[in-house]
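Notes to accompany the following structure.
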Amino acid sequence: MTDRSVTKDRSRRPDDRPAEILAAALDLFAERGFTATRMEDVASRAGLSKAAIYLYFRDKMALLEALVKQTVLTNLGQARTMAEAHDRQAGDSLKAVMGFMAGRMTEGRLPDLIKLIISESRAHPEIGRFYMENVINQGLPVFEALIRRGIERGEFRQVDPALTVRGMIAPMLFMAIWRTVFEPLGGEPLDIRAFVAHNQDMLLRGLRP
């Protein structure tokens, strides 16, 4: 019985390795920064040899791109589905999207990744460009369309959809910075769900005709 469980665990390992490598990479990027982290450091943290990690990822940029896809783009796809639900009121879709984002900020590593993108993009512009092209430029039009739908249906007053969406996202960036920068320095822990619910209430009241 023990031998079978060991065999099963070993047969599962190759498929688990990319996720283990990415978890190790994000830990090290968060601790040391992108520049100071070496591929061999990630390999060691993930329990691999220096050479083995290159079977999965060609370099650090490939690691970061995979982290964005794993941590952000999957969630963006789910948020898009909520935002494009035309069978319910735009306000309800907006609540669903913001609640979903609060969950991701609370339960996952999204704050660490956002901090990494912000802190490293000046020294490594390719990081910022990748995030802008694959996350920002993909997500903003989806949420702007949701605001426009609410306006067209008479649920929302006439507002600038682009500015409204940026105002909706700004608190998420604040939460990421607060959680990853100031809380470790002794800042009062932020109740993310309560904070998002508060901003959600103010946004929806402000959008009323």
Criterion (assigned to a helix (DSSP H, G or I) and either surrounded by 21 or more Cβ atoms within 10 Å (Cβ to Cβ) or aromatic (Phe, Trp, Tyr) (or both)) met by exactly one of Leu73, Leu22: Leu22
Just wondering, is there one or more residues in region 83-92 that are part of a helix (DSSP H, G or I), free of Cβ contacts under 8 Å to residues at least 24 places away in the same chain, touching a helix residue (DSSP H, G or I) at 6+ places or on another chain (Cβ under 8 Å) and not acidic (Asp, Glu)? no
For region 120-141, how many residues meet the condition of being under 16 Å from the mean Cα position of the chain (by Cα) and more than 16 Å from Leu67 (Cα to Cα)? 4
Exclusive hit being closer than 27 Å to Leu28 by Cβ and assigned to a loop (DSSP other than H, G, I, E, B), set Arg122, Arg157: Arg122
For region 46-103, enumerate the residues that are of a type in the set (D, E, K, R) and either under 16 Å from the mean Cα position of the chain (by Cα) or more than 28 Å from Ile21 (Cα to Cα) (or both). Glu65, Lys69, Arg80, Glu84, Asp87, Arg88, Asp92, Lys95
Could we say that Thr180 is touching a Pro at 6+ places or on another chain (Cβ under 7 Å), under 25 Å from Ala24 (Cβ atoms) and either surrounded by 13 or more Cβ atoms within 10 Å (Cβ to Cβ) or not β-branched (Val, Ile, Thr) (or both) here? yes
Any residue in region 184-206 that is surrounded by fewer than 17 Cβ atoms within 10 Å (Cβ to Cβ), modelled with pLDDT of 95 or more, within 16 Å of Ala90 (Cβ to Cβ) and of a type in the set (Gly, Ala, Ser)? yes
Cβ-Cβ below 7 Å, separation at least six or inter-chain, first residue in region 26-51 and more than 18 Å from Glu126 (Cβ to Cβ), second of a type in the set (S, T, N, Q) and surrounded by 20 or more Cβ atoms within 10 Å (Cβ to Cβ): which pairs? Leu28/Thr37
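One line per residue, one yes/no per condition, for (1) surrounded by fewer than 16 Cβ atoms within 10 Å (Cβ to Cβ); (2) touching a residue at least 24 places away in the same chain (Cβ under 8 Å):
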{"site": "Ile114", "(1), (2)": "no, yes"}
{"site": "Met132", "(1), (2)": "yes, no"}
{"site": "Pro141", "(1), (2)": "yes, no"}
{"site": "Leu146", "(1), (2)": "no, yes"}
{"site": "Ile151", "(1), (2)": "no, no"}
Return only the number of the condition from (1) surrounded by 14 or more Cβ atoms within 10 Å (Cβ to Cβ); (2) aliphatic (A, V, I, L, M); (3) not assigned by TED's automatic domain parsing to the domain that holds Pro184 that Ala52 does not satisfy. (1)
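The values are calculated or read from the model by the stated rules, or taken from the named source; none is laboratory data. Only a predicted model underlies this, so the values are computations on that prediction, with no experimental measurement involved. Neighbour counts are summed over all protein chains in view; Cβ atoms, including those assigned to glycine, are modelled from backbone coordinates with ideal geometry.
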